[in-house]
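Working notes, beginning with the structure itself.
The values are calculated or read from the model by the stated rules, or taken from the named source; none is laboratory data. Keep in mind it's a predicted model, so treat the numbers as computed, not measured. Cβ coordinates were reconstructed from backbone atoms using ideal geometry, including for glycine residues, and neighbour counts include every protein chain displayed. Heavy atoms of the whole protein, side chains included, go into the accessibility calculation; ligands, DNA and RNA do not. Shrake-Rupley method; radii C 1.70, N 1.55, O 1.52, S 1.80 Å.
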Amino acid sequence: MERARRLASRALLRRLLAASSSATSPAPSRGVSTLAPKPAAGSRPRARPAHQYTPGRPVSVSALQPSDTFPRRHNSATPAEQAVMASECGFNTLDALIDATVPAAIRAPPMQFTGKFDAGFTESQMLDHMAHLASMNKTYKSFIGMGYYNTHIPAVILRNLMENPAWYTQYTPYQAEIAQGRLESLLNYQTMVADLTGLPMSNASLLDEATAAAEAMAMCLGIVKSKKKTFLIASNCHPQTIDICQTRATGFDINVVVSAAKDFDYSSGDVCGVLVQYPGTEGEVLDYAEFVKDAHAHGVKVVMATDLLALTTLRPPGEIGADIAVGSAQRFGVPMGYGGPHAAFLATSQEYKRLMPGRIIGVSVDSSGKPALRMAMQTREQHIRRDKATSNICTAQALLANMAAMYAVYHGPAGLKAIADRVHGLAGTFAHGLKKLGTVTVQELPYFDTVKITCADANAIAEEACKNEMNLRVVDANTITVAFDETTTLEDVDKLFKVFSGGKPVDFTAESIAPEVSSSIPPSLVRDSPYLTHPIFSMY
């Protein structure tokens, strides 16, 4: 059957080619096949009804297969067109053309399949299959934290940025003359990060928080010109950050030491930098002012991993004395996306701008003297010598950085502060309620959005939370943390009280005890400096 089809196709193609090459033939009238016999002079062609059946013609099995296959959708040339192209090259089939073109010595051997192997799904079958798989997922509310938070994405940002190819297909805008809007948005991102961290200079996004911390570690090594090879990491950093830094340190020949920040030892004289988390991965908010002074006294640079929403409430790293601040912009209107990665930031002082990874958007003037935006600096290996490049990150997360910038434009400084106060208030209400229950012990250290709890059996509480469609973070057998975010409600807090009560009735609600709650942040760490003062953050 297949051979017969090929012979018929070749005959058809020969007739097509002959008809197209005949210069003396008049142009056929619209809708009349060039393969049809020419009607006699004066006669009228008889139209065959579209539904008329041709007797004796066998049904092709291939014609009964689904038509929405992957090759048909994604390969522009049809089998008939491929045969015409092969014929033009002097071959009967495309396979014959390939056989004559590709030397046998460089071809891979045929693939051998064992067991059941079929042609795969069509496009509609795959969509149905994916919908079936998605229906099997159980979507629980996350209270895990660790740098990942649910967020409300403003619909105008979701529709006009995340779902708009004019934004999501343009990563780094290399052609500044036609990309001023995207450059302005990235400049807004830099301004937002610089304001919230209290450091004068920020780049236009990196890959994620953990790799941003690793980039900062490499910066510390560059600042001391590779003369000191030890990097200290506080044990209260997010575990994924510690893991990535340890992995990247191998390539730089850096010795990474993980310990509590209070136990850092600078006596070796070989420490180039330290990394601390603010707030910590288990929620604690520590005052690092004296710690930073001690590190600087030993000639050590301080990297602070932090949270942008918390910095609307907490004293910023720049005011504490940190040299570099890193973190994730995910909770500023970016979906969690099954763990990321999400746009990260890195901010530092003007002194270290030549060592910063990524790219920096700057304000310049065009040929007519008008203000214009451009990429002022970029550390891409394509543009500078490999041994001089600080990073090959260039396009990382520009779309998500733009979403975070627009989130800040959308809410403005007052709106962001309101979200932060609400999140902190929900965490405080939850902690106060647990103390009233008396079934567990709540950590007494200050916190922003994450409450650390000591209990008899953390796994049992986590299992009870799962029954109520909530995910909590189990730190160890006796420690659990609960992190709150923009999407958390008073009803969620009441459900958590039910989980931690061990099945006993709770004689209060989150709403009833909220007036008894006050901020846990000490006055020395409360932010009093302004942020997002540029008009763009208050205009819309």
Among Pro79, Pro55, which is modelled with pLDDT of 80 or more and open to solvent by 100 Å² or more (accessible area, probe 1.4 Å)?
Pro79
Does Pro505 meet the test of being outside any helix (DSSP H, G or I), over 26 Å from His238 (Cα atoms) and touching a residue at least 12 places away in the same chain (Cβ under 8 Å)?
no
Testing Leu445 on (1) assigned to a helix (DSSP H, G or I); (2) modelled with pLDDT of 90 or more, one condition comes back false. Which one is that?
(1)
Report, by residue number, each residue of region 308-321 that is open to solvent by 10 Å² or more (accessible area, probe 1.4 Å), in a loop (DSSP other than H, G, I, E, B) and in contact with a Ser or Thr (Cβ under 8 Å, 6 or more places away or on another chain).
Arg315
Quick test for you: out of Asp492, Asp485, pick the one residue that is acidic (Asp, Glu), open to solvent by less than 30 Å² (accessible area, probe 1.4 Å) and within 13 Å of Ile144 (Cβ to Cβ).
Asp485
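Wholly within region 78-136, which helices (runs of 4 or more DSSP H) include no fewer than the required count, namely at least 3 residues that are under 23 Å from Arg10 (Cβ atoms) and more than 41 Å from the chain's Cα centre (by Cα)?
Ranges flagged: 79-88, 94-101.
Out of all the residues in region 281-307, which are part of a loop (DSSP other than H, G, I, E, B) and in contact with a His (Cβ under 9 Å, 6 or more places away or on another chain)?
Answer for region 281-307, where residues must be part of a loop (DSSP other than H, G, I, E, B) and in contact with a His (Cβ under 9 Å, 6 or more places away or on another chain): just Thr281.
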Taking region 322-337 as the search range and keeping residues that are part of a loop (DSSP other than H, G, I, E, B) and not aliphatic (A, V, I, L, M), which one is nearest to Ser268 (Cα to Cα)?
Asp323
Which one of the conditions (1) among the polar types (S, T, N, Q); (2) in contact with a strand residue (DSSP E or B) (Cβ under 7 Å, 6 or more places away or on another chain); (3) in a helix (DSSP H, G or I) does Thr247 fail to meet, given that it meets all the rest?
(2)
Of (1) of a type in the set (Ser, Thr, Tyr); (2) modelled with pLDDT under 95; (3) surrounded by 19 or more Cβ atoms within 10 Å (Cβ to Cβ), Thr250 satisfies all except one. Which?
(3)
